[in-house]
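The values are calculated or read from the model by the stated rules, or taken from the named source; none is laboratory data. Worth saying up front: this structure is predicted, and the values here are computed from it rather than measured. Glycine gets a Cβ as well: all are built from the backbone with ideal geometry, and neighbour counts include every protein chain shown. Accessible surface is based on the protein model in full, side chains and every heavy atom, while ligands, DNA and RNA are left aside. Shrake-Rupley method; radii C 1.70, N 1.55, O 1.52, S 1.80 Å.
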Amino acid sequence: MSQPTIPMPRAVGAVNWIGLATLIRKEVHRFLKVWVQTVAAPVVTTLLFYAVFALALGGVVRKVGDVPFLLFLAPGLIMMAIAQNAFANSSSSMLVAKVQGNIVDVLMPPISALELTSAYVIGGVVRGAMVGLVTALAIAVFVPLQLHSIGFILFHGVAAASLLALLGLIGGIWADKFDHMAVVTNFIVTPLSFLSGTFYSIDSVPPAFRFIAHLNPFFYFIDGFRYGFIGQTDGTLVTGIVVMLGTNLVLGFVAWRMIAKGYKLKA
């Protein structure tokens, strides 16, 4: 009588594509399930920012260079929405999983640290891109957006969303509770966002503040993204691309090492 054969576990391969795709779907479904909070609410907030500036001008046509101020402002607001929501997606996903104790469900399957990092980042990029697209369509109702370079728009949009998703992932791993995450948001993300030239031209500030702004990586993705719309830049485009790629590589390495080492993820 033959003995029953016991199936041997199959090798996943160099990349666990099924696990990676599953985790990405989980990340996307997580924010789509509450789309009113994760997509609609940020769009309304951005429109309120736009309305405040439009009302403050009182019908006066002001320009930044040769560009009307409201047209100059629109790309910055769209990018701010992309960045903040990419950060919120990865940070909340990781922190909630830790607080609720179900992070083990993600760590136990045969998924590598690089695959985990990639899935969280892609989830943040998808949410940021979706919010950015809806925000752009909403703002286009009030101001005629231009398209100077689609390539710069796409590159800086994806690079910025990746940067903030990585920063959110690192913050979510480091934080033990929501108060800790608020520290990252209030003392890192918000100041860097508001001091990046979102609402003003860097050329209009004193030289000392201009120098500080050029040390802010957020400035480069705002500047490059705005260039894609209006063809006007406050910095050097090549420098911005190098800074964006370098910052993403550094943050990506940090996030990968934290997950690979199980920092604050494993007992």
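What does the extension gain come out to for Val15 and Leu215, with contour length at 0.36 nm per residue minus their alpha carbon separation?
Value of the extension gain: 68.4 nm.
Which one, Ala165, Ser92, Ala208, projects farthest toward the positive side of the charge dipole computed for the chain from Cβ point charges (K/R +1, D/E -1)?
Toward the positive end, the furthest listed residue is Ser92.
With the cut-off at 1.5 for a/c, could you classify region 170-221 from its C-alpha gyration tensor as rounded, prolate or oblate?
prolate
Which shape class applies to region 183-256: rounded if a/c is under 1.5, otherwise prolate when a/b exceeds b/c and oblate if not, where a ≥ b ≥ c are the square roots of the Cα gyration tensor eigenvalues?
oblate
With springs only between Cα atoms under 10 Å apart, run a GNM on the chain and tell me which of Gly235, Gly197, Gly151 wobbles the most.
Maximum fluctuation in the GNM of the chain, among the listed residues, is at Gly151.
Ratio of region 52-104's C-alpha Rg to 2.2 N^0.38 Å, to two decimals?
1.89
Using a 1.4 Å probe on the protein heavy atoms only, what accessible surface does His29 show? Give it in Å² to the nearest 10.
Its heavy atoms expose roughly 110 Å² to the probe.
Under 10 Å, Cα contacts only: if you run a Gaussian network model on the chain, which one of Ile188, Ile241, Ile122 comes out with the highest mean-square fluctuation?
Among Ile188, Ile241, Ile122, the largest GNM mean-square fluctuation belongs to Ile188.
If r is the Cβ-Cβ distance from Lys26 to Ala113 and R0 is 22 Å, what FRET efficiency results, to the nearest 0.05?
Between Lys26 and Ala113 the formula returns 0.80.
Taking only complete DSSP H runs, can you tell me which helices of the chain stretch 24 Å or more along their own long axis by Cα positions and average at least 0.5 on the Kyte-Doolittle scale?
41-57, 69-100, 113-139, 150-174, 237-261
How large is the helix-only mean residue ellipticity at 222 nm for the chain, computed as the sum of -39500 (n - 2.57) over DSSP H runs with n ≥ 4, divided by its residue count, in deg cm²/dmol to the nearest 500?
The helix-only estimate for the chain comes to -22500 deg cm²/dmol at 222 nm.
Quote to one decimal, in nm, the extra length available between Leu237 and Arg257 on full extension: 0.36 nm per residue of separation minus the C-alpha distance between them.
Here the segment from Leu237 to Arg257 would lengthen by 4.2 nm.
Rounded, prolate or oblate, given the Cα gyration tensor of region 30-166, with a/c below 1.5 counting as rounded?
Prolate.
Once fully extended, how much extra length lies between Leu55 and Val99, figured as 0.36 nm per residue of separation less the alpha-carbon to alpha-carbon distance?
Separation in residues times 0.36 nm, less the Cα-Cα distance, equals 11.6 nm.
Going toward the positive end of the dipole of the chain, with +1 on Lys and Arg Cβ and -1 on Asp and Glu Cβ, which of Leu251, Val189, Ile82 do you reach last?
Farthest towards the positive pole: Leu251.
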